[in-house]
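One structure is given here, and the rest of the page talks about it.
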């Protein structure tokens, strides 16, 4: 007999589709996947596969736009995923497994008037049924204080948003959160969690409410709301514990003037009060539902972002599904170098040949064997007018990565790099600290901006020395200038062939033009070395080592403008813009 299909609903940041997240495309089930730079969901998928489930036959992942309210995500995504699961499996009902926000999306559907009786049961993992105090920071002040997995995704999303739509958010993180990531409001606690500086509740009377309130969470957890949930499906909760988790926040007076939008209108945070009875994000009292009809499994020493992939909690999940956890390897976070760029460019990366960087800590991981260099073309998550490129390099080698940025149009672009590594998360309390799993930890995204025109080519170097240090991103002046010289020579040669022998060869015309412009002897010698060598990678160190490089850039741009504009205005504009980045 065919088993009931399982639909996994990821947590905040667990679904990745930049076309939708950048609002270039409306709600769709196409184009989604787990974030490409994290291992989130990988061990979960392996466990289901080895247990005999087949993806998109009886195991589905209900990706959704986690920026929106849980109600919108349920209506626009979850219902459609359930329909797909029923159609492809032939089953009349599904089992929903919701991690974190995914559990709230699931409840929103089950408890709604639109519920169609097609959910057999609900299993939640670390779902903040009563909210999470940590969400006060992003929603109240635009500060990212999320657990590592979610924070990594939000950092990448906000980076792209700032550089693809700089005026949409006015580069204001709080405005961005309040207008584009409104789903965070549904994660606010529904219990009193803000404390005044004198230690008492900020609420003068029980009937008072916070300015920023999780109304949807209140409705889901009323007596009537819980009765509707439990009359429709059995519910099981899986929770993590042993990690310092915010239980309350001491706040002072709100900002005056409050700003637009108001920043921390319910009080400026002063001190976090931590409890070990949580998974670093959600308290056990919120991850469980206090009702005799709910099956609350014993909390496990697992961090919030690891709940879907940890072997212990996976064992609990498989047990609830009537099977045992297959033999699989413990989940690991593979160190990753992420290089990304935003419009209007394409991106290519040449990796160094060198030893693999070791992960932080003593958790093992990649060996130190040497890696051979290779060229990697970025994946474009945007479209022809708005390129959003990303290169993800697992187990990166120590050294310098050569990055080629090719202009596809005129405008400003951004180039960024960050490292994702791993750290041990210690579980507190009990008989002592133990290893609670491996979580991703990310560096800041080091960013450089530049200007390009169509066919401009700029070269950068991303240097990595340690997984715990932010990569350095610098323009490669020598390579960028060398490229300009070689392409200018070729363009002048083409122009000379059109002009006839009287015009002279490209080399002759370039030499003459630079001599007329008074370039230094050192610069002329360097240019001669390039002009006499057809190899575009010939030595050109002088151009990147002295002030002559600045003179050369201006002189070369002048040559491109005066001698090339009439015959090839596209190349002239490309080279002028390219050389202008060296000033």
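Please treat every number below as a calculation from the coordinates, not as lab data. Model, not experiment: these values are computed from the prediction. Reconstructed Cβ throughout: ideal geometry from the backbone, glycine too, with neighbour counts over all protein chains shown.
Straightening the chain between residue 215 and residue 376 buys 53.2 nm, computed as 0.36 nm per residue apart minus the Cα-Cα spacing. With the Cα gyration tensor of the stretch 200-317 giving a ≥ b ≥ c as the square roots of its eigenvalues, does the rule (a/c under 1.5 for rounded; else a/b larger than b/c for prolate; else oblate) give rounded, prolate or oblate? Judged from the Cα gyration tensor, the stretch 200-317 comes out oblate (a/c at least 1.5, b/c at or above a/b).
Each of 135, 468 has some number of other Cβ atoms within 10 Å of its Cβ, and from fewest to most they run 468, 135. Spin-label model, residue 323 to residue 260: label points 7 Å out along the Cα-to-beta-carbon direction sit 5.6 nm apart.
For a quick protection proxy, order the peptides 559-570, 117-128, 244-255 by their average other-Cβ count within 10 Å, most packed first. All intermediate terms of the calculation are to be shown ahead of the outcome.
Numbers: 559-570: 16.7, 117-128: 23.8, 244-255: 18.5.
Per-residue mean Cβ counts within 10 Å order the peptides as 117-128, 244-255, 559-570.
Note on residue 28/residue 463: beta-carbon distance plugged into 1/(1 + (r/R0)^6) with R0 of 41 Å gives a FRET efficiency of 0.55.
Taking label positions 7 Å along the Cα-Cβ direction at both residue 554 and residue 227, the computed distance is 8.2 nm, reported to one decimal. At full extension, residue 46 and residue 179 could sit 44.2 nm farther apart than now, given 0.36 nm per residue minus the alpha carbon distance.
Of 441, 313, how do they rank once you tally other Cβ atoms within 10 Å and put the fewest first? Spell out each step's value before the answer.
Values: 441 20, 313 27.
Least crowded to most crowded, the residues run 441, 313.
Building the convex hull from the alpha-carbon atoms of the stretch 262-341 and averaging its projection over directions returns 10.6 nm². When only Cα pairs below 8 angstrom with a gap of at least 6 residues are kept, the stretch 1-128 shows a relative contact order of 33 percent. At a Förster radius of 22 Å, what calculated FRET efficiency corresponds to the Cβ-Cβ distance of residue 562 and residue 449, to the nearest 0.05? With a Förster radius of 22 Å, E is 0.20. Take every pair of alpha-carbon atoms less than 8 Å apart whose residues are at least six positions apart; their mean separation over the length of the stretch 281-340 yields a relative contact order of 21 percent. Of 489, 213, 84, the sequence from fewest to most neighbouring Cβ atoms within 10 angstrom is 213, 84, 489.
Modelled this way, with points 7 Å down the Cα-to-C-beta line, the labels at residue 274 and residue 470 are 2.4 nm from one another.
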